[in-house]
Every structure is written in structure tokens, then in C-alpha cells.
Amino acid sequence: MEPHRGWTIASSSWDFLRKRWLYREQELITYIQEETKRTQENEEAGYRSPTWSVLRALQKINKAKRLEGEVVMSGPPFFQSAGRGDLKFWGEDDGPTVVVWESLSESQDSSGRKR
């Protein structure tokens with residue numbers, strides 16, 4: 001929306017997130033910008049997100065309803081809820097959870113909550 005705050009997102013992901021964020025579009029845009037910076041920093045440090053097929057397999061094995069970790073743009077919509085730490089991307093915080101440890105910051109404990 002501003003030249004120095006550029007990012008790209010698939011239209012299907014945008015539509016999914018926009019609906020989950022109850023059309024709070026400006027808030028979502030700001031948050032995606034922050035998540036884009038986080039993603040770039042993580043990738044520069046060597047982190048690579050797991051594929052959706054891996055996350056789907058983990059979901060099936062664990063009968064998981066929730067994903068803890070990652071960034072809002074890469075959270076797969078097949079989880080009923082997703083978030084990282086105190087931030088809820090969508091859904092409720094209950095049920096079996098797949099935790100992507102590597103995507104949590106060092107200031108978060110094993111549950112993903114900030115210390």
C-alpha cells in the first residue's frame with residue numbers, strides 16, 4: 001500500500017485471512033507487514049517453514065485442531081485455529097496442537113507463550 005511497505009500474498013490466503021480478521025483490513029495489512037519482516041529475518045537465519053503436506057500429516061497423526069507457530073501468511077487453513085504466542089491468527093485456543101518449535105521466538109516457552 002506504501003512503496004516501502006511492499007509484500008506479496010496469494011489471493012486465496014488474503015481472502016481467507018481477511019474473513020478471519022472480520023474485515024479489519026488495515027490491521028491485517030499492518031500485521032502482514034510485520035510478519036513479512038519476521039519471515040525475512042528467520043529465512044536469513046536459515047529457517048525454512050514445513051510444507052503443508054508435512055503439517056497435514058502431523059495434524060492427522062495427532063488429531064490436531066490447532067497450529068502453534070509459523071506466521072499468519074503461512075498458517076494452513078485446514079487447522080481450525082492457528083496462532084503464535086499471545087497472537088491468535090484465527091479460531092479458538094483449545095484442542096490438540098501441532099507446535100512448530102523452530103518458528104517460535106526465543107522469548108517464548110514451549111507452549112508458545114511469551115515469557
- If you go through the stretch 35-51, how many residues are over 12 Å from the mean Cα position of the chain (by Cα) and in a helix (DSSP H, G or I)? 6
- Of the candidates Q33, Q59, Q26, Q40, the one satisfying the condition of being touching a Phe, Trp or Tyr at 6+ places or on another chain (Cβ under 9 Å) and either among the hydroxyl-bearing types (S, T, Y) or farther than 17 Å from G91 by Cβ (or both) is Q33
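Conditions (1) outside any loop (DSSP other than H, G, I, E, B); (2) surrounded by fewer than 17 Cβ atoms within 10 Å (Cβ to Cβ); (3) modelled with pLDDT of 85 or more, marked per residue:
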position: S13; (1), (2), (3): yes, yes, no
position: R18; (1), (2), (3): yes, yes, no
position: Y23; (1), (2), (3): no, yes, no
position: R56; (1), (2), (3): yes, yes, yes
position: F78; (1), (2), (3): no, yes, yes
position: F89; (1), (2), (3): yes, no, yes
position: E92; (1), (2), (3): no, yes, no
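The values are calculated or read from the model by the stated rules, or taken from the named source; none is laboratory data. Just so you know, these numbers come straight off a predicted model, no measurement behind them. Methodologically, a virtual Cβ is constructed for each residue, glycine included, from the backbone with ideal geometry; neighbour enumeration extends over all protein chains shown.
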